[in-house]
Amino acid sequence: MNDEQFMQRAIALATCAERAGEVPVGAVISYRGEVIGEGWNQSISCSDPTAHAEIVALRMAAAHLKNYRITGATLYVTLEPCAMCAGALVHARVLRLVFGTEDVRAGATGSVFDITRSPRLNHQIEVTPGVLREECALQLKRFFRARRDGALRSPAP
């Protein structure tokens with residue numbers, strides 16, 4: 001599979017999040033061409049602020065490898081990771097990150113912060129932005145438009 005095919009899978013996972021009333025973000029981890037982890041945002045449904053798509057996928061991949069280090073893996077995600085997720089990717093020693101659309105408010109791989117490539121940290125990640133950017137951005141825009149228009153309920157504070 002290539003980057004676009006893995007990103008298509010991440011988009012399908014983001015749809016699972018959307019159906020559950022979560023912000024539609026999906027993530028896939030590939031290792032040696034095989035999917036070893038995947039997830040979608042589940043913070044609301046799991047009452048867990050750390051249950052972002054990337055973290056869910058990292059947990060699955062680490063369990064698959066029986067190792068908290070996921071060296072040599074690539075993570076595909078529809079939205080640029082936040083600081084928490086970018087930090088987790090660095091700690092897991094992920095080799096490469098591919099994301100769909102930038103998060104200009106909270107992105108931590110170049111938009112607001114650049115945790116994944118900081119020379120101050122002991123690991124840097126190769127980042128490839130913009131894979132299926134328009135499709136990923138449109139999915140998020142539709143979700144937030146529906147929420148603003150009242151078609152979707154916002155989660156309780």
What angle do you read, to the nearest 10 degrees and between 0 and 90, between the alpha-carbon axis of helix 83-92 and the longest principal axis of the chain?
30 degrees
Set the Förster distance to 41 Å, then compute FRET efficiency between ASN122 and HIS64 from the Cβ-Cβ distance, nearest 0.05.
0.95
In degrees rounded to 10, the 0-90 angle between helix 3-19 Cα long axis and the longest Cα principal axis of the chain is 40 degrees
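For region 49-157, what's the relative contact order in percent, using C-alpha pairs closer than 8 Å and at least 6 residues apart? The partial results should precede the final answer.
On the way: 167 pairs, mean separation 23.6, N = 109.
Here the relative contact order equals 22 percent.
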How big, on average over all directions, is the shadow cast by the Cα convex hull of the chain, in nm²?
8.7 nm²
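Over region 13-119, what percent of the accessible surface lies on carbon and sulfur atoms, probe 1.4 Å? List each step's numbers first, then the result.
Numbers: 2560 of 4560 Å².
The computed percentage sits at 56.
Only bridges whose two residues both fall in the chain count here: according to DSSP, what percent of them are antiparallel, nearest 5? Mind showing how you got there, number by number?
Working: 11 of 19 bridges.
For the chain, the DSSP antiparallel bridge percentage is about 60.
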Degrees separating the helix 53-65 axis from the principal Cα axis of the chain, which is the longest one
40 degrees
Would you please classify the overall shape of region 73-125 from the alpha carbon gyration tensor, given that a ≥ b ≥ c denote the square roots of the eigenvalues, rounded means a/c under 1.5, and beyond that prolate means a/b larger than b/c while oblate covers the rest?
oblate
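Per the helix-only calculation at 222 nm, which mean residue ellipticity applies to the chain, given -39500 (n - 2.57) for every DSSP H run of n ≥ 4 and division by its residues, nearest 500 deg cm²/dmol?
On the way: 4 runs with 56 residues, N = 157.
Taken over the chain, the calculation gives -11500 deg cm²/dmol.
Consider all pairwise Cα distances in region 1-83 and report the whole-number % of them above 18 Å. Numbers along the way, then the final one.
Values: 1222 of 3403 pairs.
For region 1-83, the fraction of Cα-Cα distances above 18 Å is 36 percent.
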Whole-number accessible area per residue in Å² for the chain, which is evaluated in the context of all protein chains at 1.4 Å:
52 Å²
For VAL98, the residues 5 or more places away or on another chain with a placed amide H closer than 5 Å to its own amide H are LEU75, TYR76, VAL77, THR128
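The values are calculated or read from the model by the stated rules, or taken from the named source; none is laboratory data. What you see is a predicted model; the values in this text were computed from it and never measured. We place every Cβ from the backbone using ideal geometry, glycine too, and count neighbours over all the protein chains shown. Accessible surface areas use protein heavy atoms only, side chains included; no ligands, DNA or RNA. Shrake-Rupley method; radii C 1.70, N 1.55, O 1.52, S 1.80 Å.
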